[in-house]
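Reviewing the structure listed below.
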Amino acid sequence: MEEGRLAARPQPPGATRPWPLPAGLHPMGEAMLRVPASPGSGPLPLILMLHGAGGDPAKALRRVESIAEAALVLLPKSRGATWDVLEGGYGPDVARIDAALAAVFAAWPVDPARIAAAGFSDGASYALSLAMMNGALFTHALAFSPGFAAPLHVEGKPRCFLSHGTEDRVLNIDLCSRRLAPKLQRAGYPLTYLEFGGGHEVPEAIAERALAFLLED
(Lines give C-alpha, C1' and ligand atoms only; values in the text may rest on other atoms or scores of the structure.)
Protein backbone atom coordinates (compact mmCIF):
# COMPACT_ATOMS: atom_id res chain seq x y z
CA MET A 1 0.00 0.00 0.00
CA GLU A 2 3.01 2.30 0.43
CA GLU A 3 3.15 2.85 -3.32
CA GLY A 4 -0.52 3.79 -3.53
CA ARG A 5 -1.59 0.60 -5.28
CA LEU A 6 -5.10 -0.76 -4.81
CA ALA A 7 -5.75 -4.50 -5.13
CA ALA A 8 -9.59 -4.47 -5.05
CA ARG A 9 -11.32 -5.30 -8.31
CA PRO A 10 -14.98 -5.63 -9.36
CA GLN A 11 -16.42 -9.04 -10.04
CA PRO A 12 -16.78 -10.11 -13.67
CA PRO A 13 -20.20 -9.34 -15.16
CA GLY A 14 -22.67 -12.09 -14.34
CA ALA A 15 -26.23 -12.88 -13.48
CA THR A 16 -28.34 -10.18 -11.85
CA ARG A 17 -28.07 -10.31 -8.08
CA PRO A 18 -30.40 -8.86 -5.46
CA TRP A 19 -29.12 -5.70 -3.85
CA PRO A 20 -27.76 -6.45 -0.36
CA LEU A 21 -28.92 -3.11 1.12
CA PRO A 22 -31.93 -0.84 0.60
CA ALA A 23 -31.70 2.73 -0.66
CA GLY A 24 -30.09 5.20 1.70
CA LEU A 25 -26.87 5.77 3.61
CA HIS A 26 -25.27 2.80 5.34
CA PRO A 27 -22.16 2.34 7.50
CA MET A 28 -19.53 0.10 5.95
CA GLY A 29 -16.68 -0.35 8.39
CA GLU A 30 -14.77 2.93 8.46
CA ALA A 31 -16.70 4.28 5.47
CA MET A 32 -20.28 5.01 4.41
CA LEU A 33 -22.11 3.71 1.35
CA ARG A 34 -24.88 5.68 -0.33
CA VAL A 35 -27.26 3.37 -2.20
CA PRO A 36 -29.55 4.89 -4.85
CA ALA A 37 -33.29 4.36 -4.75
CA SER A 38 -33.84 3.25 -8.32
CA PRO A 39 -32.08 0.03 -9.30
CA GLY A 40 -32.38 0.52 -13.05
CA SER A 41 -30.87 -2.39 -14.94
CA GLY A 42 -27.43 -3.90 -15.09
CA PRO A 43 -24.39 -3.13 -12.95
CA LEU A 44 -24.04 0.20 -11.17
CA PRO A 45 -21.46 2.95 -11.64
CA LEU A 46 -19.34 3.50 -8.54
CA ILE A 47 -18.11 6.86 -7.28
CA LEU A 48 -15.43 6.82 -4.58
CA MET A 49 -15.98 10.30 -3.10
CA LEU A 50 -13.22 11.73 -0.87
CA HIS A 51 -13.76 14.63 1.53
CA GLY A 52 -11.62 17.73 1.91
CA ALA A 53 -9.28 18.57 4.80
CA GLY A 54 -11.11 18.43 8.12
CA GLY A 55 -14.13 16.91 6.43
CA ASP A 56 -16.01 13.64 6.75
CA PRO A 57 -18.23 11.35 4.65
CA ALA A 58 -21.35 13.41 5.33
CA LYS A 59 -19.72 16.59 4.03
CA ALA A 60 -18.37 14.74 1.00
CA LEU A 61 -21.82 13.41 0.19
CA ARG A 62 -23.35 16.88 0.34
CA ARG A 63 -20.98 17.96 -2.41
CA VAL A 64 -22.49 15.41 -4.82
CA GLU A 65 -25.97 14.89 -3.34
CA SER A 66 -27.62 16.01 -6.58
CA ILE A 67 -26.08 13.12 -8.55
CA ALA A 68 -26.09 10.41 -5.88
CA GLU A 69 -29.13 8.64 -7.33
CA ALA A 70 -27.16 7.66 -10.41
CA ALA A 71 -24.49 5.51 -8.75
CA LEU A 72 -23.23 3.76 -5.68
CA VAL A 73 -21.27 6.39 -3.73
CA LEU A 74 -18.56 5.09 -1.40
CA LEU A 75 -17.50 7.64 1.24
CA PRO A 76 -14.39 6.76 3.25
CA LYS A 77 -12.96 8.79 6.13
CA SER A 78 -9.30 9.74 6.25
CA ARG A 79 -7.37 8.45 9.25
CA GLY A 80 -6.04 11.91 10.08
CA ALA A 81 -7.24 15.43 9.47
CA THR A 82 -6.61 14.92 5.77
CA TRP A 83 -5.37 12.14 3.47
CA ASP A 84 -2.17 10.25 4.21
CA VAL A 85 -0.12 11.61 1.29
CA LEU A 86 -0.26 14.99 3.06
CA GLU A 87 0.57 13.50 6.45
CA GLY A 88 3.65 11.42 5.80
CA GLY A 89 3.01 9.45 2.63
CA TYR A 90 0.75 6.86 1.05
CA GLY A 91 -0.17 3.95 3.30
CA PRO A 92 -2.90 3.93 5.98
CA ASP A 93 -5.62 5.60 3.92
CA VAL A 94 -4.80 3.56 0.83
CA ALA A 95 -5.31 0.40 2.90
CA ARG A 96 -8.64 1.68 4.29
CA ILE A 97 -9.89 2.62 0.84
CA ASP A 98 -8.79 -0.70 -0.61
CA ALA A 99 -10.69 -2.60 2.09
CA ALA A 100 -13.82 -0.53 1.54
CA LEU A 101 -13.67 -1.04 -2.23
CA ALA A 102 -13.15 -4.78 -1.79
CA ALA A 103 -16.26 -4.99 0.41
CA VAL A 104 -18.36 -3.14 -2.16
CA PHE A 105 -17.08 -5.22 -5.06
CA ALA A 106 -17.76 -8.45 -3.16
CA ALA A 107 -21.40 -7.55 -2.53
CA TRP A 108 -22.54 -5.34 -5.40
CA PRO A 109 -22.74 -5.55 -9.18
CA VAL A 110 -20.42 -2.70 -10.24
CA ASP A 111 -19.89 -1.55 -13.81
CA PRO A 112 -16.15 -1.99 -14.48
CA ALA A 113 -16.35 0.68 -17.20
CA ARG A 114 -17.59 3.37 -14.79
CA ILE A 115 -15.53 3.41 -11.62
CA ALA A 116 -14.56 6.93 -10.60
CA ALA A 117 -12.15 8.27 -8.00
CA ALA A 118 -13.70 11.59 -7.02
CA GLY A 119 -13.10 14.21 -4.38
CA PHE A 120 -13.22 17.82 -3.27
CA SER A 121 -10.23 20.02 -2.38
CA ASP A 122 -7.59 17.79 -0.68
CA GLY A 123 -9.87 14.88 -1.54
CA ALA A 124 -9.76 15.90 -5.20
CA SER A 125 -5.97 15.94 -5.17
CA TYR A 126 -5.93 12.52 -3.52
CA ALA A 127 -8.56 11.06 -5.85
CA LEU A 128 -6.70 12.28 -8.92
CA SER A 129 -3.44 10.84 -7.60
CA LEU A 130 -5.06 7.47 -6.83
CA ALA A 131 -6.65 7.31 -10.27
CA MET A 132 -3.35 8.05 -11.99
CA MET A 133 -1.64 5.29 -10.00
CA ASN A 134 -4.49 2.79 -10.43
CA GLY A 135 -5.66 3.12 -14.03
CA ALA A 136 -6.39 -0.60 -14.17
CA LEU A 137 -9.18 0.01 -11.65
CA PHE A 138 -10.37 3.58 -12.07
CA THR A 139 -11.77 4.51 -15.44
CA HIS A 140 -12.44 8.11 -14.41
CA ALA A 141 -11.21 10.81 -12.03
CA LEU A 142 -13.60 13.57 -10.93
CA ALA A 143 -11.56 16.28 -9.23
CA PHE A 144 -13.51 19.22 -7.79
CA SER A 145 -11.12 22.10 -6.92
CA PRO A 146 -7.91 20.06 -6.69
CA GLY A 147 -4.63 21.49 -5.48
CA PHE A 148 -2.17 19.02 -7.02
CA ALA A 149 -1.54 15.49 -8.22
CA ALA A 150 1.23 13.43 -6.61
CA PRO A 151 1.35 9.94 -8.13
CA LEU A 152 4.39 7.83 -7.29
CA HIS A 153 3.94 6.00 -10.59
CA VAL A 154 1.34 6.01 -13.33
CA GLU A 155 -0.82 3.24 -14.74
CA GLY A 156 -3.08 3.65 -17.74
CA LYS A 157 -4.86 6.85 -18.70
CA PRO A 158 -8.15 7.27 -16.80
CA ARG A 159 -10.42 10.01 -18.13
CA CYS A 160 -10.10 13.15 -16.00
CA PHE A 161 -12.69 15.79 -15.11
CA LEU A 162 -11.43 18.89 -13.30
CA SER A 163 -13.46 21.87 -12.09
CA HIS A 164 -12.42 24.99 -10.20
CA GLY A 165 -13.98 28.27 -9.12
CA THR A 166 -12.34 31.41 -10.45
CA GLU A 167 -12.88 33.13 -7.08
CA ASP A 168 -11.55 30.25 -4.95
CA ARG A 169 -9.78 31.78 -1.92
CA VAL A 170 -8.75 28.44 -0.42
CA LEU A 171 -6.96 26.86 -3.39
CA ASN A 172 -6.09 29.59 -5.88
CA ILE A 173 -7.06 28.56 -9.40
CA ASP A 174 -3.92 30.08 -10.95
CA LEU A 175 -1.66 28.09 -8.65
CA CYS A 176 -3.69 24.87 -8.83
CA SER A 177 -5.97 23.76 -11.66
CA ARG A 178 -4.63 26.21 -14.26
CA ARG A 179 -1.24 24.58 -13.77
CA LEU A 180 -2.50 21.05 -13.29
CA ALA A 181 -4.83 20.81 -16.30
CA PRO A 182 -2.12 21.57 -18.93
CA LYS A 183 0.20 19.03 -17.30
CA LEU A 184 -2.47 16.33 -17.58
CA GLN A 185 -3.10 17.23 -21.21
CA ARG A 186 0.59 17.10 -22.06
CA ALA A 187 0.81 13.69 -20.38
CA GLY A 188 -1.94 12.38 -22.65
CA TYR A 189 -4.84 12.11 -20.22
CA PRO A 190 -8.31 12.59 -21.76
CA LEU A 191 -9.39 15.76 -19.95
CA THR A 192 -12.47 17.88 -19.46
CA TYR A 193 -11.64 21.06 -17.55
CA LEU A 194 -14.32 23.50 -16.41
CA GLU A 195 -13.97 26.83 -14.65
CA PHE A 196 -16.96 28.49 -12.99
CA GLY A 197 -17.63 31.83 -11.37
CA GLY A 198 -17.56 30.94 -7.71
CA GLY A 199 -15.43 29.96 -4.75
CA HIS A 200 -14.31 26.78 -3.04
CA GLU A 201 -17.38 24.71 -3.78
CA VAL A 202 -19.08 22.21 -6.07
CA PRO A 203 -22.07 23.88 -7.72
CA GLU A 204 -24.90 21.54 -8.58
CA ALA A 205 -24.44 22.22 -12.29
CA ILE A 206 -20.78 21.18 -12.04
CA ALA A 207 -21.67 17.95 -10.23
CA GLU A 208 -24.18 17.18 -12.97
CA ARG A 209 -21.57 17.81 -15.65
CA ALA A 210 -19.24 15.43 -13.86
CA LEU A 211 -21.94 12.75 -13.77
CA ALA A 212 -22.60 13.17 -17.50
CA PHE A 213 -18.85 12.81 -18.07
CA LEU A 214 -18.86 9.53 -16.11
CA LEU A 215 -21.92 8.10 -17.86
CA GLU A 216 -21.15 9.08 -21.44
CA ASP A 217 -20.07 6.37 -23.87
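As a summary of the residue check, Ala117 satisfies the conditions (1) more than 23 Å from Glu3 (Cβ to Cβ); (2) buried (at least 16 other Cβ atoms within 10 Å of the Cβ); (3) hydrophobic (A, V, I, L, M, F, W, C) except for the one numbered (1). Of the residues making up segment 121-143, at least one is surrounded by fewer than 18 Cβ atoms within 10 Å (Cβ to Cβ) and either out of contact with any Pro (no Cβ under 9 Å at 6 or more places or on another chain) or assigned to a helix (DSSP H, G or I) (or both).
Among the residues making up segment 21-79, a single one is outside any loop (DSSP other than H, G, I, E, B), over 19 Å from Ile115 (Cβ atoms) and touching a Phe, Trp or Tyr at 6+ places or on another chain (Cβ under 9 Å): Lys59. Within segment 196-210, residues that are surrounded by 14 or more Cβ atoms within 10 Å (Cβ to Cβ) have Cβ atoms under 9 Å from residues that are at pLDDT below 95 and part of a helix (DSSP H, G or I) in no pair, counting only partners at least 6 apart in sequence or on another chain.
Consider Glu155 carefully, then state whether it is among the charged types (D, E, K, R), surrounded by fewer than 18 Cβ atoms within 10 Å (Cβ to Cβ) and either touching a helix residue (DSSP H, G or I) at 6+ places or on another chain (Cβ under 6 Å) or farther than 18 Å from Asp122 by Cα (or both). Walk me through it before giving the result.
Values: among the charged types (D, E, K, R): yes; surrounded by fewer than 18 Cβ atoms within 10 Å (Cβ to Cβ): yes; either touching a helix residue (DSSP H, G or I) at 6+ places or on another chain (Cβ under 6 Å) or farther than 18 Å from Asp122 by Cα (or both): yes.
Taking the combined requirement at face value, the residue satisfies it.
Only one entry of Leu162, Leu142, Leu215, Leu171 meets the criterion of being of a type outside the set (D, E, K, R) and over 18 Å from Trp83 (Cβ atoms), and that entry is Leu215. Of the residues that make up segment 187-195, is at least one closer than 18 Å to Val85 by Cβ, surrounded by fewer than 18 Cβ atoms within 10 Å (Cβ to Cβ) and in contact (Cβ under 8 Å) with a residue 12 or more places away in the chain? Taking every residue of segment 187-195 in turn, none turns out to be closer than 18 Å to Val85 by Cβ, surrounded by fewer than 18 Cβ atoms within 10 Å (Cβ to Cβ) and in contact (Cβ under 8 Å) with a residue 12 or more places away in the chain.
The values are calculated or read from the model by the stated rules, or taken from the named source; none is laboratory data. All figures in this text were calculated on a predicted structure; none of them were measured in a lab. Methodologically, a virtual Cβ is constructed for each residue, glycine included, from the backbone with ideal geometry; neighbour enumeration extends over all protein chains shown.
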